[in-house]
Amino acid sequence: MKFFIDTANVEEIREAAEVGLLDGVTTNPSLLAKEPGDPTAILREITKLVAGPVSAEVTALDHAGMVEQGRELRSIADNIVVKVPMTLEGLKAIRLLSREDVPTNCTLIFNATQALMAAKAGATFASPFIGRLDDISADGMGLIAQCCTIYRNYGLATEVLVASIRLPQQVTQAALLGAQVATIPPKVLRQLADHPLTDAGLQKFLADWEQVKNRA
Ligand code: E4P
């Protein structure tokens, strides 16, 4: 499973990249709005920190505008992936961009049919938002299972990019289902390495070592 980080904060991305397990980044207009400075400059900096795909989202609502913005975003760096919302206009834009070999991430997916349509349009990634579904008492992880099954059933090349993750165990569940990518908020990414028994075990090893380390 590929680990992407879901933030536009350069320091958080740098910190995660240093661990060496970071495969990509997802941003969106809300994440970029939280950061001070010019969004294009921020995206450019992010693309230099991570070799893998960096999703940057269009804001136009019509397909021609999306394609134009997509081309502009791609001019920032070769590892930019154009993020396009799941609308009929978005599907048209994904189809056109894919013909130009521009990688795309179809975002704001909330049901399996939308995911199927994103794949048929030629999206590189499809992003089902599981946390936002759970927030309204729907079954976010159930949607991931459906997307993985449908893509397998038809041999579709689009990768399931699990988005809107809130908890570490969601990454485990998504990996068990075979989702290719999880985009993980910085806090959850840090939590992935934690286990109370790891901490307790380490403390005990160090305490025991203190007793014997000076033995001749
Ligand atoms: C994905 O690409 C989105 O940026 C993100 O996962 C949305 O998550 P949220 O529901 O926590 O805003």
Worksheet item: Which condition does Leu61 not pass, out of (1) within 16 Å of the ligand (Cβ to nearest atom); (2) part of a loop (DSSP other than H, G, I, E, B); (3) touching a helix residue (DSSP H, G or I) at 6+ places or on another chain (Cβ under 8 Å), if it passes all the others?
Response: (1)
Item to complete: Output the number of residues of the range 80-118 satisfying the condition of being in a helix (DSSP H, G or I), touching a strand residue (DSSP E or B) at 6+ places or on another chain (Cβ under 7 Å) and among the hydrophobic types (A, V, I, L, M, F, W, C).
Response: 5
Worksheet item: Hey, among Leu177, Leu88, Leu97, Leu133, which residue is surrounded by 21 or more Cβ atoms within 10 Å (Cβ to Cβ), free of Cβ contacts under 8 Å to residues at least 40 places away in the same chain and on the phi < 0 side of the Ramachandran plot?
Response: Leu97
Worksheet item: Among Val160, Val181, Val102, which is the only one that is in contact with a Cys (Cβ under 6 Å, 6 or more places away or on another chain) and under 20 Å from Gly52 (Cα atoms)?
Response: Val160
Discussion item. I'd like to verify a number: residues in the range 119-152 that are within 23 Å of Ile80 (Cα to Cα), touching a helix residue (DSSP H, G or I) at 6+ places or on another chain (Cβ under 7 Å) and either assigned to a helix (DSSP H, G or I) or of a type in the set (Phe, Trp, Tyr) (or both), how many?
Written reply: 2
Worksheet item: Which one of the conditions (1) surrounded by 13 or more Cβ atoms within 10 Å (Cβ to Cβ); (2) within 23 Å of Val19 (Cβ to Cβ) does Leu206 fail to meet, given that it meets all the rest?
Response: (1)
Fill in: Residue that is farthest from the ligand (Cβ to nearest atom), among those in the range 31-58 that are assigned to a loop (DSSP other than H, G, I, E, B) and touching a residue at least 12 places away in the same chain (Cβ under 8 Å)
Ala51
Worksheet item: What pairs come up if the first residue lies in the range 4-30 and is away from the ligand (no atom under 13 Å from the Cβ), the second is among the acidic types (Asp, Glu), and their beta carbons are under 6 Å apart, counting only those six or more places apart or on different chains?
Response: Val10/Glu45
Worksheet item: Looking at the range 130-149, is at least one residue at pLDDT 95 or above and within 22 Å of Gln69 (Cβ to Cβ)?
Response: no
Discussion item. Just to be sure I understand the filter: pairs with C-beta atoms under 6 Å, separated by 6 or more residues or on different chains, first member in the range 181-202 and within 16 Å of the ligand (Cβ to nearest atom), second member of a type in the set (Ser, Thr, Tyr) and assigned to a loop (DSSP other than H, G, I, E, B). Which pairs pass?
Written reply: Pro186/Thr7
Item to complete: Please indicate, with yes or no, whether at least one residue in the range 164-177 is at pLDDT 95 or above, in contact with a helix residue (DSSP H, G or I) (Cβ under 7 Å, 6 or more places away or on another chain) and among the β-branched types (Val, Ile, Thr).
Response: yes
Discussion item. Just the residues that are among the aliphatic types (A, V, I, L, M), more than 20 Å from Ala119 (Cβ to Cβ) and not in a loop (DSSP other than H, G, I, E, B), please, taken from the range 153-174.
Written reply: Val171
Response to the item:
Picked from the range 83-98 (must be out of contact with any Ser or Thr (no Cβ under 7 Å at 6 or more places or on another chain) and closer than 23 Å to Arg152 by Cα), the residue farthest from the ligand (Cβ to nearest atom) is Arg95
Fill in: Residues satisfying the stated conditions in the range 120-156, i.e. of a type in the set (D, E, K, R) and away from the ligand (no atom under 16 Å from the Cβ)
Lys120, Arg152
Item to complete: Could you grab me the full set of residues in the range 100-119 that are of a type outside the set (Asp, Glu), free of Cβ contacts under 8 Å to residues at least 24 places away in the same chain and away from the ligand (no atom under 13 Å from the Cβ)?
Response: Thr113
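The values are calculated or read from the model by the stated rules, or taken from the named source; none is laboratory data. Computed from a predicted model, the values in this text were never measured in an experiment. As a convention, Cβ positions derive from the backbone with ideal geometry for all residues, glycine included, and neighbour counts pool all protein chains shown.
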